[in-house]
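Taking it in order: structure first as structure tokens, then the write-up.
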Amino acid sequence: MTIKFNGHASIYIKTENVSIVTDPWFSKEGAFLSTWFQFPDNTQLDLTPIRNADYIVLSHEHQDHFDLNFLKTINPKTKIIIPKYTDSYLYDTLRDNLKNEIIVANSLQKIRLSQDVTFCPVVQSVPIWDDCTLVFETPEGTIVDVNDMKIINKDFEWIRNNFKINHLFIQFSGANWHPVVYDYPHQRKAEIAKHKIETKFHNVAELFRGSGADNLIPCAGPPCFLDDEHFELNFSDESIFPTQAAFYEFLKKEGLADKTFILMPGGTFDPSQDCKLISEKNVQREEFTNRRQYLESYKARRKDIINKNLSALESPTRSQLDRCKEYFEPLVGSSQYFRKKINGRLLLDITGAVSEKIIIDFSKEKDSVKLFENENFFYKLEFDSRLLKLILDRKLTWEQLLLSIRFKATRNPDIYNEALIVFLRFADANSYKAYELYETRKDFSDTFLLEHEGKKYEVQRYCPHAMGDLSKGRIIDGCIVCPNHGWTFSIKDGQCVSKNSSIKIKRVDTEEAVPSVSTQ
Ligand code: FES
């Protein structure tokens, strides 16, 4: 049996009976409006076995996992497996563009791919993101490919209860537009980035320890940025995209390096080999030790493609206000739940060929879209009119725009409004209903006892973000840090630092209880 790493989040598995590829991303055009590129470059690999695999398994719709241009080049006999999601974007796009058989797999249900391999998708049970962990039982043990799924305890526990995890493939580097696009001073961006990187590294280490897996294979990032506008981000302390080498240094300090395989695109994963030997050799490669030189030359190879793609974007010829009304007003009107949760005005500050400022007012059920007349707003997105046109033409999703980091953002107050991001990400009334159902069913009655600086507290156990288990969180500077994505809650009053959220927390060793606060 052979297991190879294809770069980014892609794995090639071949047994005597079957060949499988996960999340192939090989396009020289990169992803997200040609902002993200594979790091290290994997486009020189021999793609013949990948194109002719029996199965290609896609975890989710992000373009660094769902590379439609590459998929258009695969063998028509290759079967494509996707998880079943509420949103049909992935299925519809495949059906409209390819003739290959598409298999939609239900979450938590095992499929036999051959006599020696099974596959089981574990779809994120929080409907904020469509994402999925891919589990393969193979003759070389069970591969659990979490890739970039923000896995919550409940889903991970299900995997642990149903499989003996041998090889854990997981993302360690960030994949978000915060703080890069925000109008913060440099120092603030650098502090946020440092905090995010540390939190992510610790979370992955803890998850690996808790998984009981034999091997850790970091994957699914970081991307690199090869266009002129974003190139310096590769070297900036504002970046939340640390390299494999930086993560390996961290793992050494954590005593986990002797279980970690740092693999290069095309590298074979052989659990019987000495991972330290492989990893130490790989982190000495030019990609890490002379990153600027490596990326300068990579940038030169992609320059023409990036220029071609960006200059092909079509400009609108007139105001897009009416089209914005058609797009947004039915969505805003469809969900009282989201209107209440977002509760404010979003300003679209559109630049470029047709510049205009458009307000989306979430306090209004009807007539929610109009030209800006100096009203207050809580969130501003500034981007080019060509990108708005793409969104209104339904050729670009909000998620793709946000991940492209081809925009600037301002928020006032500087608090994460998750409801707004979910609203944009789904842009679909049915998905809003499913999300509302999930949110209103959340059970926060479970608590745990926390002892801190000689005092005792009864604390809400599950994080309001995505049900992370706060009893497993770290205590830093008088705050509980959620082990999942680092939301930070003050022990004093339960308020979340920098997010519009809070948890219930109560002093229990004194008559004088800390007031408990609501979770919304
Ligand atoms: S579950 Fe995401 S930060 Fe807690």
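The values are calculated or read from the model by the stated rules, or taken from the named source; none is laboratory data. As the structure is a computational prediction, the values presented were derived from the model and not from experiment. FYI the Cβ positions are ideal-geometry reconstructions off the backbone, even for glycines, and counts take in every protein chain you see. We work out accessible area using only protein heavy atoms, side chains counted, and drop any ligands, DNA or RNA first. Shrake-Rupley method; radii C 1.70, N 1.55, O 1.52, S 1.80 Å.
Given Cα pairs under 8 Å that are at least 6 residues apart, what percent is the relative contact order of the chain? 12 percent. Here region 475-490 and region 23-100 have alpha carbon centers that stand 36 Å from each other. Evaluated at q = 0.08, 0.12 Å⁻¹, the base-10 log of the normalised Debye intensity for region 2-304, with identical point scatterers placed on the Cα atoms, takes the values -0.33, -0.77. Region 447-518 gives an Rg/Rh value of 0.93, both radii derived from C-alpha positions and Rh following Kirkwood. In region 321-438, carbon and sulfur make up what percent of the accessible area (probe 1.4 Å)? In region 321-438, the share of accessible area belonging to carbon and sulfur is 46 percent.
Note on region 160-189 and region 283-321: Cα centroid distance 22 Å, given to the nearest whole angstrom.
The GluC sites (Glu not before Pro) of region 264-329 that meet both conditions, a loop assignment by DSSP and at most 16 other Cβ atoms within 10 Å of the site Cβ, are 314. Sequentially through region 304-310, phi angles give Karplus couplings (6.51, -1.76, 1.60; θ = phi - 60°) of 5, 5, 4, 4, 4, 5, 6 Hz, Gly and Pro residues having no value and appearing as x. Note on surface exposure: 78, 351 rank 351, 78 by accessible area, highest first, 1.4 Å probe.
Backbone phi angles across region 351-362, fed through the Karplus curve with coefficients 6.51, -1.76 and 1.60 (θ = phi - 60°), yield HN-Hα couplings of 10, x, 4, 10, 8, 6, 10, 10, 9, 10, 9, 7 Hz in residue order; Gly and Pro are listed as x.
Under conditions of 37 °C and 0.692 mPa s, region 259-308 yields 258 µm² s⁻¹ as its translational diffusion coefficient, taking Rh as the Kirkwood radius over Cα pairs in the Stokes-Einstein equation. Carbon and sulfur: what percent of region 2-304's accessible surface (1.4 Å probe)? Roughly 46 percent, rounded to a whole number. In a fully extended conformation the segment linking residue 445 and residue 373 would gain 21.5 nm over its present Cα-Cα distance, using 0.36 nm per residue. Calculated from the alpha-carbon coordinates, the chain shows an Rg and a Dmax of 23.2, 71 Å respectively. Each of 50, 283, 85 was scored by the projection of its Cα onto the charge dipole of region 2-304, and the greatest displacement toward the positive side belongs to 50; charges sit on the C-beta of Lys, Arg, Asp and Glu. Taking 30 Å as the limit for the C-alpha separation, the pairs 4/472; 196/506; 194/308 exceed it in the case of 4/472; 194/308. The length gained by stretching the chain between residue 195 and residue 68 to full extension, at 0.36 nm per residue less their Cα-Cα distance, is 42.3 nm. Remark: the Cα gyration tensor places region 321-438 in the rounded category, a/c being less than 1.5. By a straight-distance test (C-alpha under 26 Å), which lysines pair with residue 357 as possible cross-link partners, with residues fewer than eight away in the same chain excluded? Residue 357 reaches 325, 340, 341, 366, 370, 380, 389, 395, 408. Remark: the residue 252-residue 456 segment gains 70.0 nm on full extension, using 0.36 nm per residue and subtracting the alpha carbon distance.
For the chain, the solvent-accessible area works out to 43 Å² per residue, with a probe of 1.4 Å and every protein chain left in place. When peptides 458-464, 202-208 are sorted by average Cβ neighbour count within 10 Å, with the highest value leading, the order is 458-464, 202-208. Couplings for region 465-482, taken from phi via the Karplus curve 6.51 cos²θ - 1.76 cosθ + 1.60 with θ = phi - 60°, read 6, 8, 6, x, 7, 5, 5, 9, x, 8, 9, 10, 6, x, 10, 9, 9, 4 Hz in order; Gly and Pro are left as x. For residue 509, the residues whose modelled amide H falls within less than 5 Å of its own, excluding neighbours fewer than 5 places apart on the same chain, are 456.
Projected label points at residue 395 and residue 334, each 7 Å from Cα along the beta carbon direction, are separated by 2.3 nanometres. Summarising the label geometry, the points placed 7 Å from Cα in the beta-carbon direction at residue 293 and residue 477 lie 3.9 nm from one another. Structural descriptor for region 447-518: relative contact order 24 percent, calculated from alpha carbon pairs under 8 angstrom and at least 6 residues apart.
Solvent-accessible surface (1.4 Å probe) assigned to residue 41 amounts to roughly 10 Å².
For region 112-214, the normalised intensity computed at q = 0.11, 0.18, 0.21 Å⁻¹ comes to -0.42, -0.89, -1.09 (log10 of I(q)/I(0), Debye sum over alpha carbons, equal scatterers, no solvent). Ignoring aspartates and glutamates fewer than eight residues from residue 84 along the same chain, the ones with Cα atoms less than 13 angstrom from its Cα are 61, 92, 130, 131.
Summarising the amide proton neighbourhood of residue 397: residues at separation of 5 or more, or on other chains, whose placed amide H is nearer than 5 Å comprise an empty set.
The value of relative contact order for region 2-304, using C-alpha pairs under 8 Å at least six residues apart, is 18 percent. Spin-label pair residue 92-residue 408: with each label point 7 Å from Cα along the Cα-Cβ axis, the two points sit 3.4 nm from one another.
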